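S.K.: Sharing a structure with you now.
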Amino acid sequence: MIDYSLILTINYVGQKWSCTGNSYDGLTWYSDTPKPTQAELDALWQPTQDAVAKDACKTKAKTLLSATDWSALPDVGLKNSADFVTYRGILRGLVISPVTNPDFPVEPTPVWE
């Protein structure tokens with residue numbers, strides 16, 4: 001089911017509109033610009049879903065990266081610090097270039113010296 005409110009929120013920033021229900025027929029357009037057609041909004045559905053998925057990927061990668069910040073401290077004393085460097089590098093890549101269907105790496109188990 002197409003979420004017209006989500007499409008409008010993401011793709012028509014600054015435009016004034018309201019949507020009763022979640023159908024094109026319930027869309028009232030208040031902006032001075034022309035009201036987008038249903039076909040125009042329908043065409044934006046997949047790109048909107050992709051944008052939302054990429055944003056979720058980036059957010060999760062940042063959270064996972066933040067949770068392992070401790071592993072980058074010089075006095076931690078990990079035997080497997082290289083595993084954490086690799087793990088964090090993959091997460092940084094997902095923050096920089098998020099994807100719609102991420103394959104998040106498994107956090108290494110710390111091995112202490």
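The values are calculated or read from the model by the stated rules, or taken from the named source; none is laboratory data. Note that this is a predicted model, so its numbers are computed, not measured. Cβ sites come from the backbone with ideal geometry, for glycine too, and all protein chains shown count toward neighbours.
S.K.: Tally time: how many residues in segment 1-22 are surrounded by 15 or more Cβ atoms within 10 Å (Cβ to Cβ), hydroxyl-bearing (S, T, Y) and out of contact with any Cys (no Cβ under 9 Å at 6 or more places or on another chain)?
M.R.: So the answer is 1.
S.K.: Condition first: under 14 Å from V106 (Cα atoms), among the aliphatic types (A, V, I, L, M) and surrounded by 13 or more Cβ atoms within 10 Å (Cβ to Cβ). Now tell me which residues in segment 60-84 satisfy that.
M.R.: A61, L64, L65
S.K.: Only one of these conditions is not met by P98: (1) over 30 Å from V111 (Cα atoms); (2) assigned to a loop (DSSP other than H, G, I, E, B); (3) modelled with pLDDT of 95 or more. Which number is it?
M.R.: Evaluating P98 over (1) over 30 Å from V111 (Cα atoms); (2) assigned to a loop (DSSP other than H, G, I, E, B); (3) modelled with pLDDT of 95 or more leaves (1) as the failure.
S.K.: Name, by its number, the condition in (1) in the same structural domain as N11 (by TED's automatic domain parsing); (2) part of a helix (DSSP H, G or I); (3) surrounded by 13 or more Cβ atoms within 10 Å (Cβ to Cβ); (4) not aromatic (F, W, Y) that does not hold for D25.
M.R.: Against the list (1) in the same structural domain as N11 (by TED's automatic domain parsing); (2) part of a helix (DSSP H, G or I); (3) surrounded by 13 or more Cβ atoms within 10 Å (Cβ to Cβ); (4) not aromatic (F, W, Y), D25 comes up short only on (3).
S.K.: Quick one: is D103 surrounded by 15 or more Cβ atoms within 10 Å (Cβ to Cβ), acidic (D, E) and not assigned by TED's automatic domain parsing to the domain that holds L8?
M.R.: Numbers: surrounded by 15 or more Cβ atoms within 10 Å (Cβ to Cβ): no; acidic (D, E): yes; not assigned by TED's automatic domain parsing to the domain that holds L8: yes.
Judged against the criteria, D103 is not a match.
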